[in-house]
Amino acid sequence: MIVAEQKPLKEIQSLVGEAQTVLIVGCGTCVTVCFAGGEKEAGILGSLLRMSARMEGHEKSIGEVTVQRQCEWEYLDAIGDRIAEADIVLSLGCGVGVQALAERYPDAIVIPGLDTKFMGLPLEQGVWAERCAACGQCILGLTGGICPIARCSKQLLNGPCGGSSKGKCEVNPEIECAWQLIYDKLNAQGRLDLIMEITPPKDWRTGRDGGPRKIVRQDLRLVVTEEA
Amino acid sequence: MIIAFCCHYCAYAAADLAGSLRIQYPPGVSVVKLPCTGKLDVQLVLDAFEHGADGVMVAGCMEGDCHYQQGNFNARRRVNYAKTLLQRIGLEPDRIRMFNMSSAMGKKWADAVTEMDETVRGLGPSPLGRRA
Ligand code: SF4
Ligand code: SF4
């Protein structure tokens, strides 16, 4: 899932600025399960903004609505009326949700209420960890299902480095050394041969180095194109 | 005005008992019965403050005695979280407090309300209260 964190209230307030009518738009998918921008968080943020405005001596009209997925037009189309009434739209979606709103409603002023952090999973309730960096060419098949791009601080393809100590990464003793994990896993499975060869440098054009990415699936498109 | 979110199995019954025993305590408290303090949602607390509550009490079973095992611990965490939220908007965190008692503790209920009443009087009316 995409993992995000709510911005500090002060920052949100300064983004909202003088706007009178604010619509908080929550998202019912990733950011709901990481407790950053779901219906509940939208409600809580709404209360805080209303109370804090009132304590400063002015009333703001702050509404909340949560869509199932902020990153798909269909769900956004349903809230057009609410958006039209708002001076500012405060999105509690991930960065994709914020941009989807801004793109679908070009006249609306859309601001982010979250900081989108990474793709990861909950280790336990209240703790999330990064697992994938969307490099565009997955090498988990070589590394025992442990990602050295997202989990090795140096994104090494041939680790560990000299900074690996007692299973921890030199960057921070709280970080497990991904390459120690990879080695232990492959060793336990008797598959160390997978990492005995030197892996050549990664082609980063499949990652962000190739510019913004896009996937086109002609088999799924509804518009008939020449190739189809 | 103090809003008291009370667990059905303990504090609510304790408040009832305090009444039957004719124990005196400050009158400005409104009780909201919850099936368990584990039902407490931070949003409920904020709604109370947004509607002008001067203080919020959350009263659940003795630790270890929750009818649903963990409910009162969950409530305590949420009360602590609500305190940080109040602080962020400039309201005193002491305006919300968690209490633990059993259904037999009518006196404890009265004492809890008295303490909360004193705290809230010390802090003064909530700046969000409806202006007369
Ligand atoms: S190798 Fe690339 S695609 Fe695979 S998990 Fe790591 S970052 Fe994600
Ligand atoms: S110590 Fe391990 S995780 Fe840290 S940079 Fe070196 S190989 Fe990567």
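Principal-axis analysis of the Cα atoms of chain A puts helix A:178-188 at an angle of about 50° to the longest axis. The antiparallel fraction among DSSP beta bridges confined to the protein assembly as shown stands at about 30%. Dividing the summed -39500 (n - 2.57) terms of all DSSP H runs of n ≥ 4 by the residue count of the protein assembly as shown sets its mean residue ellipticity at 222 nm at -10000 deg cm²/dmol. Solvent-accessible area per residue in the protein assembly as shown equals 55 Å², computed with a 1.4 angstrom probe and all protein chains kept.
For region A:58-125, the list of GluC sites (Glu not before Pro) that fall in a loop by DSSP and count at most 15 other C-beta atoms within 10 angstrom reads A:E59, A:E72. Loop-resident GluC sites (Glu not before Pro) (DSSP state other than H, G, I, E or B) in region A:137-213 with no more than 11 further Cβ atoms inside 10 Å of their Cβ: A:E197. Taken about its Cα centre, chain B carries a charge dipole of about 140 debye when Lys and Arg each add +1 at the Cβ and Asp and Glu each add -1 at the Cβ. Oblate is the label for chain B, because the ratio a/c of its alpha-carbon gyration tensor axes (a ≥ b ≥ c) is 1.5 or higher and a/b is not greater than b/c.
Toward the positive end of the charge dipole of region A:134-210, with +1 on the Cβ of Lys and Arg and -1 on the Cβ of Asp and Glu, the farthest Cα among A:T206, A:S165, A:L194 is that of A:T206. Our summary gives chain A a relative contact order of 17 percent, counting only alpha carbon pairs under 8 angstrom and 6 or more residues apart.
The relative contact order of region A:134-210 comes to 36 percent, based on Cα pairs under 8 Å that sit 6 or more residues apart. In terms of its C-alpha gyration tensor, region A:146-228 comes out prolate, because a/c is 1.5 or above and the ratio a/b outweighs b/c. The charge dipole of the protein assembly as shown, taken about the Cα centre with unit charges on the Cβ atoms of Lys, Arg (+1) and Asp, Glu (-1), comes to about 680 debye, rounded to the nearest 20.
Is there a pair in B:K33/B:K108; A:K166/A:K202; A:K60/B:K33 whose C-alpha atoms are over 25 Å apart, and which pairs would that be? The pairs that break the limit, which is 25 Å between Cα atoms, are A:K166/A:K202; A:K60/B:K33. Suppose a student asked you for the relative contact order of chain B, using Cα pairs under 8 Å spaced at least 6 residues apart; what percent would you report? About 36 percent, as a whole number. Applying the criteria of a DSSP loop state and at most 10 other Cβ atoms within 10 Å to the trypsin sites (Lys or Arg not before Pro) of region B:1-77 yields B:R22. Per-residue surface analysis assigns B:H8 an accessible area of about 80 Å², computed on protein heavy atoms at 1.4 Å probe radius. By the gyration tensor of its Cα atoms, with a ≥ b ≥ c the square roots of the eigenvalues, what is the shape of chain A: rounded for a/c under 1.5, prolate for a/b over b/c, or oblate? Cα axes put chain A in the oblate bin. The dipole here belongs to region A:2-118: it is taken about the Cα centre, uses +1 on the Cβ of Lys and Arg and -1 on the Cβ of Asp and Glu, and is about 340 debye.
The values are calculated or read from the model by the stated rules, or taken from the named source; none is laboratory data. Computed from a predicted structure; not experimentally measured. Every residue, glycine among them, receives a Cβ derived from its backbone with ideal geometry; neighbour counts consider all protein chains shown. Only protein heavy atoms, including side chains, enter the accessible area calculation; ligands, DNA and RNA are left aside. Shrake-Rupley method; radii C 1.70, N 1.55, O 1.52, S 1.80 Å.
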